[in-house]
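Undergrad: Before anything else, here's the structure in question.
The values are calculated or read from the model by the stated rules, or taken from the named source; none is laboratory data. The model shown is predicted, which means the values in this text are computed figures rather than measured ones. Here the Cβ positions follow ideal geometry from the backbone for every residue, glycine too, while neighbour counts run over all protein chains shown.
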Amino acid sequence: MNILEIRNLHVSVQRKPILCGVELALQPGEIHAIMGPNGSGKSTLANLLAGREECQVTAGEVFYQGLDLLSLAPEERARAGVFLGFQHPVEIPGVSTARLLKEAFNARQRYRRLPEMDAIAFRDHLGAQAGKLGLPADWLLRPVNVGFSGGEKKRNELLQMLVLEPHLAILDEIDSGLDIDALALVAEGINALRDPGRATLLITHYPRLLDRVAPDRVHVLMGGRIIVSGDMALARELERQGYGWLEEVAT
Amino acid sequence: MNALLQVCQQQLLAADAQLPGHDALSIRRFRQEAMQRALQTGLPTQQMEHWKYTPTRWLTESAYAFHAGGCVGLDPEDLKALLVARGQVHHLVFVNGLLSLPLSGLDGLPAGVQVESMARLARESPEALEPWLGSDVTGADQGLAALNQALWPDGAFVRLASGVQLSQPLQLLFLTTSFREPIVTLPWSVVILGEGARAQVIESYATLGQGDHFTNARTTLVLGQGAQLDHLLLLAESDRAHHVGSVQATQLGASRLAARVFAVGGALTRHELHVALAGAEAECHPDGLFVAGGRQHLELHSWIHHLHSHTRSQQWFKGVLDGEARGVFNGVVRVPQGVREIQARQQTDNLLLSDRAEIAAKPQLEIHSDAVQCHHGATVGSLDAEAIFYLRSRGLDEECARKLLVQGFIDVLLQRVQPAVVREWIARRLNSGEVAS
């Protein structure tokens, strides 16, 4: 069964059509990248998959591990194993990353009828994941994203992904604002979750992240549709030539 | 004349001989003069500027009775949740206005610390009270404060000698038990810190049962040169109760006051903080939080008087309002002419969780001097929809997300409370009410 299957998806935001017939399938173990010019609908696709209300589906279907994804509330999607790494992570004053993740982790455990993790065990689990990303010890106790730089916010998204171990991770420009060292850590984090049970959808503008995670497929989203798919060679071609040469295909 | 005033005047006539301090001319005269002031001023009405947001009809419509005080048959177990962990604080418990020694615990008070009943002090050594009788309340239209001055039956008297440090917090619990007819209680407490003394005093108000009653409370704080007081007030009476209270602080040079108020209870709760910064390098840090739901009406007022040059005040008040609740914050900062080198900061942030909740947040700066650094800000907002979606996208349901965001909003004030045992107790008391439920 595909982890994610999108069929003929049409989505409007504030009554304006943004996605116009997207077709996409991710098999277990795969990493796919979606590239495309600004305003092509990449973030709308990510937001739609996470359940943002502003995204109105006007036609089409989305299946996640065989479930009708569109019928689930955002929190149900998350508990079932869908994770969105935000392009612009939100600041949550007064709520620590540790607190957020403990609530999130245990909500998922309850959904799956698994025992909740006690405070001490969870702290250890969290500490281990933070260590992998080279985050300082007090990071987890700081309010979520408050006063973080752009790169720190992205690392915090990745930390949450590693702790929640999603089956489908959608990472919306996780590589923007990262320096080279941080980029390497983020790539490592993505690769750490690469296993036959999971799939990842990377939305990015730059091949430098793709070089490190080696996606199975690269798609170009333009004009609300995936107009061409390929492998890493396509990403390199885009870097060299931009998107102009594809405009004919798009129209 | 208003029924409550009439009842109070009768009480002063009828029970005069039983009121503590009757045998001391100074106290007796003070009570009579206060009653005259109360009669002159009258009870507050919404025509008075500083009461215009405060409903006052209940003052004329309810028939509050005086109660002989005390209550038999109270089990210390009943009070467990109302006290900070036993053994970690000294505590005095007042029931229906009078001190209950069996419910109190003052073991191990260090030398130089006096903690006792105001009633006993007024009877046995009234001269010790005389200096504090005239500590006037500085706000406008203080008819209710005058009633307290006329009729207070008891309260706590706390005095630390110079240089003495109270290592454990001292809790003063004012408890009212429900009766068939609603009662009025009028506690007056006095806390005096000698030069360089340090203490934490927690004053909390609670109801056993769900009944209506009226607490008209007054607290006098005096901080000597270099003294440090952490005063924490928890207002958590029954959702049918009415509470009007004031804390009046006078600070000498280089003293430091942290005045924190957490208001969650009461059909109507109105608290006024008055601080007189009367010596160089004196500073006060008032923090306040109200959390109201249903049809509650909660008010926090602060009046900071920078009477001396080189004084500082830093205030942060927050409000959370749900349902049809109403909240009021009114913060007055006064700097008279000729006073220089003042730093005054005031911030109020408010969160409305429902369309029908209302807040009136009013900074009022009365600055008559140029050499002043003064900042104030006021915000009112609702929960951030983007933050709710973010939390939901992590697996939290909407209710849990909202609760976490509200907790996050108030956490910054909670985290300033030390030690942890007090902070955790406050957090539990906040959660046992309507907070973010």
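Undergrad: Considering only residues that are of a type in the set (S, T, N, Q) and in contact (Cβ under 8 Å) with a residue 40 or more places away in the chain, look in the range A:125-174 and name the one that is nearest to A:Leu84 (Cα to Cα).
TA: The selected residue is A:Gln160.
Undergrad: Hey, can you tell me all the residues within the range A:26-54 that are within 14 Å of chain B (Cβ to nearest Cβ) and either within 27 Å of A:Val163 (Cβ to Cβ) or modelled with pLDDT of 95 or more (or both)?
TA: Scanning the range A:26-54 gives A:Ser43, A:Ala46, A:Asn47, A:Leu48, A:Leu49, A:Ala50, A:Gly51, A:Arg52, A:Glu53.
Undergrad: Just checking, which of A:Arg212, A:Arg142, A:Arg194 is among the basic types (Lys, Arg), more than 15 Å from the chain's Cα centre (by Cα) and closer than 20 Å to A:His32 by Cα?
TA: A:Arg212
Undergrad: Got at least one residue in the range B:368-385 being within 14 Å of another protein chain (Cβ to nearest Cβ), on the phi < 0 side of the Ramachandran plot, in contact with a helix residue (DSSP H, G or I) (Cβ under 9 Å, 6 or more places away or on another chain) and among the hydrophobic types (A, V, I, L, M, F, W, C)?
TA: Yes, the range B:368-385 contains at least one residue that is within 14 Å of another protein chain (Cβ to nearest Cβ), on the phi < 0 side of the Ramachandran plot, in contact with a helix residue (DSSP H, G or I) (Cβ under 9 Å, 6 or more places away or on another chain) and among the hydrophobic types (A, V, I, L, M, F, W, C).
Undergrad: Select, from B:Gly266, B:Gly294, the only residue that is touching a residue at least 60 places away in the same chain (Cβ under 8 Å) and on the phi > 0 side of the Ramachandran plot.
TA: Only one candidate qualifies: B:Gly294.
Undergrad: Against the definition (under 29 Å from B:Ser167 (Cβ atoms) and buried (at least 23 other Cβ atoms within 10 Å of the Cβ)), how does B:Ala227 come out, yes or no?
TA: For B:Ala227, the condition - under 29 Å from B:Ser167 (Cβ atoms) and buried (at least 23 other Cβ atoms within 10 Å of the Cβ) - is met.
Undergrad: Could you list, in sequence order, the residues of the range A:38-54 that are touching a Gly at 6+ places or on another chain (Cβ under 6 Å) and not in a helix (DSSP H, G or I)?
TA: A:Gly41
Undergrad: Out of (1) among the small types (Gly, Ala, Ser); (2) assigned to a loop (DSSP other than H, G, I, E, B); (3) at pLDDT 85 or above, the odd one out for B:Gly70 is which?
TA: Of the numbered conditions (1) among the small types (Gly, Ala, Ser); (2) assigned to a loop (DSSP other than H, G, I, E, B); (3) at pLDDT 85 or above, the odd one out for B:Gly70 is (3).
Undergrad: A further question follows. Only residues that are outside any helix (DSSP H, G or I) and either more than 14 Å from every other protein chain (Cβ to nearest Cβ) or of a type outside the set (Val, Ile, Thr) (or both): list them for the range A:142-163, please.
TA: Residues satisfying the conditions are A:Arg142, A:Pro143, A:Asn145, A:Gly147, A:Phe148, A:Ser149.
Undergrad: Tally the residues that are surrounded by fewer than 20 Cβ atoms within 10 Å (Cβ to Cβ), assigned to a loop (DSSP other than H, G, I, E, B) and charged (D, E, K, R), restricting the search to the range A:167-197.
TA: The qualifying residues number 3.
Undergrad: Got a sec? Which of A:Ile180, A:Ile170, A:Ile174 is closer than 30 Å to A:Gly41 by Cβ, more than 13 Å from chain B (Cβ to nearest Cβ), touching a strand residue (DSSP E or B) at 6+ places or on another chain (Cβ under 6 Å) and hydrophobic (A, V, I, L, M, F, W, C)?
TA: Checking each option against the conditions leaves just A:Ile174.
Undergrad: Is it true that B:Ala427 is modelled with pLDDT under 95, assigned to a helix (DSSP H, G or I) and more than 7 Å from chain A (Cβ to nearest Cβ)?
TA: The answer is yes for B:Ala427.
Undergrad: I've got another one for you. Of the residues B:Glu181, B:Glu130, B:Glu124, B:Glu195, which is without any contact (Cβ under 8 Å) to a residue 12 or more places away in the chain and surrounded by fewer than 20 Cβ atoms within 10 Å (Cβ to Cβ)?
TA: B:Glu124
Undergrad: Here's a follow-up. Filter the range B:242-261 for residues that are under 15 Å from the mean Cα position of the chain (by Cα) and among the hydrophobic types (A, V, I, L, M, F, W, C); which is surrounded by the most Cβ atoms within 10 Å (Cβ to Cβ)?
TA: Looking at residues that are under 15 Å from the mean Cα position of the chain (by Cα) and among the hydrophobic types (A, V, I, L, M, F, W, C), I get B:Ala249.
Undergrad: Right, B:Val422: crowded, with 18+ Cβ neighbours inside 10 Å, under 25 Å from B:Ile202 (Cα atoms) and more than 14 Å from chain A (Cβ to nearest Cβ) or not?
TA: The answer is yes for B:Val422.
Undergrad: Still on this model: Which condition breaks for A:Val22 when tested against (1) among the β-branched types (Val, Ile, Thr); (2) within 13 Å of chain B (Cβ to nearest Cβ); (3) crowded, with 23+ Cβ neighbours inside 10 Å?
TA: Among (1) among the β-branched types (Val, Ile, Thr); (2) within 13 Å of chain B (Cβ to nearest Cβ); (3) crowded, with 23+ Cβ neighbours inside 10 Å, A:Val22 violates only (2).
Undergrad: Filter the range B:392-403 for residues that are surrounded by fewer than 22 Cβ atoms within 10 Å (Cβ to Cβ) and either in a helix (DSSP H, G or I) or more than 7 Å from every other protein chain (Cβ to nearest Cβ) (or both) and give the result.
TA: Those that are surrounded by fewer than 22 Cβ atoms within 10 Å (Cβ to Cβ) and either in a helix (DSSP H, G or I) or more than 7 Å from every other protein chain (Cβ to nearest Cβ) (or both): B:Glu398, B:Glu399, B:Cys400, B:Arg402, B:Lys403.
Residue by residue, here is whether (1) among the acidic types (Asp, Glu); (2) closer than 15 Å to B:Thr220 by Cβ holds:
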| site | (1), (2) |
| --- | --- |
| B:Asp107 | yes, no |
| B:Ala111 | no, no |
| B:Glu124 | yes, no |
| B:Leu133 | no, yes |
| B:Gly139 | no, yes |
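Undergrad: Residues that are under 27 Å from B:Ala249 (Cβ atoms), in a helix (DSSP H, G or I) and in contact with a strand residue (DSSP E or B) (Cβ under 9 Å, 6 or more places away or on another chain): does the range B:83-97 have at least one?
TA: Checked the range B:83-97: no residue is under 27 Å from B:Ala249 (Cβ atoms), in a helix (DSSP H, G or I) and in contact with a strand residue (DSSP E or B) (Cβ under 9 Å, 6 or more places away or on another chain).
Undergrad: Looking at (1) within 15 Å of B:Asn216 (Cβ to Cβ); (2) surrounded by fewer than 19 Cβ atoms within 10 Å (Cβ to Cβ); (3) among the aliphatic types (A, V, I, L, M), find the lone condition where B:Leu109 falls short.
TA: Tallying (1) within 15 Å of B:Asn216 (Cβ to Cβ); (2) surrounded by fewer than 19 Cβ atoms within 10 Å (Cβ to Cβ); (3) among the aliphatic types (A, V, I, L, M), B:Leu109 fails exactly one: (1).
Undergrad: Among residues belonging to the range A:91-115 that are over 15 Å from A:Pro143 (Cα atoms) and in a loop (DSSP other than H, G, I, E, B), point out the one that is farthest from the other protein chains (Cβ to nearest Cβ).
TA: A:Pro115
Undergrad: Then there is this: In the range A:55-90, what residues are within 8 Å of chain B (Cβ to nearest Cβ) and assigned to a loop (DSSP other than H, G, I, E, B)?
TA: Matches in the range A:55-90: A:Ala73, A:Phe86, A:Pro89, A:Val90.
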